[in-house]
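Throughout, read-outs are computed from the coordinates displayed, never taken from laboratory work. None of these values were measured; they are calculated from a predicted model. Neighbour counts run over all protein chains shown; Cβ positions are idealised from the backbone, glycine included.
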Amino acid sequence: DVKVTQSSRYLVKRTGEKVFLECVQDMDHENMFWYRQDPGLGLRLIYFSYDVKMKEKGDIPEGYSVSREKKERFSLILESASTNQTSMYLCASSSPTGPYRDTQYFGPGTRLTVL
Amino acid sequence: GDSVTQMEGPVTLSEEAFLTINCTYTATGYPSLFWYVQYPGEGLQLLLKATKADDKGSNKGFEATYRKETTSFHLEKGSVQVSDSAVYFCALSEWGAQKLVFGQGTRLTINP
């Protein structure tokens, strides 16, 4: 089974803090994604990565950055957290080849609260 | 750009009722279509998918048929259970794009 893990289930931070959200997958997937989930808005793509050290902006990259130094790990960074970044953050991974190439596998999510 | 529209929630049904959650999409090419489910306190997991017109995806008693003529992928189940209570997301992926575009989600509650 594919396993995607996220470093924290719940996180509380103060405005202006630098925040790191970590995601690790164990299936050797090339693709990794960061989404935020807000009620009524579904999932919105923040950043994604097709390979180590590669990154692409998604639909809402402002206020975020990412790092992918190893294939299995994809980090989301909030350089200076703000209250409007309070949300559920979901990481996902997928493979670009094979019978499951379109299927994304999700971690359990990190609920971030910025005070 | 591509988009997915789901029926507004929340949806509340009694156990053993028939379920339909509507999903329509807009896409420039020939996308793959997905239904993901999120149980309370968990991440999303794939429920079913269809990759071309007239394909039917099915899993756990749920079904959805890829209708190109109506650009729809409605989710159905003949007899829901309390354990089906969750949030359901319709999504699409353009061929080769590898990104998913999600609908806004529909919260389903099944009462015993």
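General observations
- Of residues in the range B:40-49 being within 17 Å of A:Y35 (Cα to Cα) and of a type outside the set (A, V, I, L, M, F, W, C), the one farthest from the chain's Cα centre (by Cα): B:G41
- Reported count of residues in the range A:63-115, each being aromatic (F, W, Y) and within 14 Å of chain B (Cβ to nearest Cβ), is 4.
- Count - residues of the range B:85-112 that are in contact with a Ser or Thr (Cβ under 7 Å, 6 or more places away or on another chain) and small (G, A, S): 3
- Checking the range A:39-48 against the condition returns no match, with no residue being more than 22 Å from B:G41 (Cα to Cα), surrounded by fewer than 20 Cβ atoms within 10 Å (Cβ to Cβ) and out of contact with any helix residue (DSSP H, G or I) (no Cβ under 9 Å at 6 or more places or on another chain).
- If only residues of the range A:24-62 that are hydrophobic (A, V, I, L, M, F, W, C) and facing chain B (nearest Cβ under 9 Å) are counted, the one that is farthest from A:C91 (Cα to Cα) is A:L41.
- Residues satisfying the stated conditions in the range B:91-112, i.e. closer than 15 Å to B:Y39 by Cα, of a type outside the set (G, A, S) and within 11 Å of chain A (Cβ to nearest Cβ): B:T106, B:R107
- Against the list (1) on the phi < 0 side of the Ramachandran plot; (2) within 13 Å of chain A (Cβ to nearest Cβ); (3) under 11 Å from the mean Cα position of the chain (by Cα), the condition B:T65 fails is (2).
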